[in-house]
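Worksheet: one structure, shown below.
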Amino acid sequence: MRFPHFLFILLLSFTVAACTSTQRLLKARPAGLSPFFEQPWLAQHTRGHLPFQVVWTTPDKRVLAEGMAKRKLHVAPVTLAYLRPVKKALATQEIAWGVRRQEQAVAARLREEFIAAFRRSPRPLYQIADKPGADTLTLRLAVIELSPTSPKGNAVMTLLKFAVTPVAVLGRWFTKGNMAVEGKVVDSSTGRVFFQFADNESDKLTFLNTRDYQPYGHAVNSMRDWAVQFEQMTRTPSGLKVADSSSITLRPN
């Protein structure tokens, strides 16, 4: 007896979610560091112990001590100076078909999400400051890659899932977009770098999701995840793991 499509995918999703190695396979690979990231030779791959793929902490004990003593954080406007051209074939085609590369809106939204994560936190380590000062750290963010999801490609995949086979969901490997960011926390007074991170996220694997038909719908989820994870990491004792977001979702939006 054949399972209904939605039940098949539901069971498949739970099975895949339980497999750590499969989760790693579905995760986007590191995008490669840009010139925004200082001293990249000191960067460390976290290998799943932190929510970001690459991190860097200053080896300068004085800068580290001064940074750890501050409790205010200013989130600077996000830079697009290091944004790379779109390379994925379907993403490039979507732009040719009229999908706008909404980098300015995405940059503004990324900053808003990081500010909101601290303001919503029940016990934030840092208080958000409207401007940098002698008693603040500054978080600088850069969007490195931004490839839109392919709404047209996902529409075809949806028809195949229902009309042919639910295994067609795996075809989303070619239709999903991605967003890569880098961030660094600097001492607002001296400009010395205190901490850096980099991460790349692609669309979550799902059976049916309204964000599949929005060019940057999945990117919004990635931005929110990064902001929440960063805030959690600032108040988590050293050595304790901060969970990364799942590469699979059963949420319809």
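The values are calculated or read from the model by the stated rules, or taken from the named source; none is laboratory data. Quick caveat: nothing in here was measured; it's all calculated off a predicted structure. No Cβ is skipped: glycine too gets one built from the backbone with ideal geometry, and neighbour counts run over all protein chains shown.
Quick notes on this one:
- Selection count where residues are more than 18 Å from the chain's Cα centre (by Cα) and within 30 Å of K87 (Cβ to Cβ), scope segment 113-149: 0
- Within segment 39-93, the set of residues being of a type in the set (V, I, T) and modelled with pLDDT of 90 or more comprises V54, V55, T57, T58, V63, V75, V78, T79.
- Among the conditions (1) farther than 23 Å from A105 by Cα; (2) at pLDDT 85 or above; (3) buried (at least 16 other Cβ atoms within 10 Å of the Cβ), Q23 misses just one, which is (2).
- Every residue from segment 62-82 that is part of a loop (DSSP other than H, G, I, E, B), surrounded by fewer than 18 Cβ atoms within 10 Å (Cβ to Cβ) and more than 24 Å from the chain's Cα centre (by Cα): R71
- Any hit, segment 225-248, residues being over 30 Å from K70 (Cβ atoms) and at pLDDT 65 or above: no
- Total residues in segment 26-61, condition surrounded by 14 or more Cβ atoms within 10 Å (Cβ to Cβ), of a type in the set (F, W, Y) and not in a loop (DSSP other than H, G, I, E, B): 1
- When segment 94-113 is limited to residues that are assigned to a helix (DSSP H, G or I) and β-branched (V, I, T), the one that is modelled with the lowest pLDDT turns out to be I95.
- Among residues of segment 114-148, those that are assigned to a helix (DSSP H, G or I) and buried (at least 22 other Cβ atoms within 10 Å of the Cβ), counted: 2
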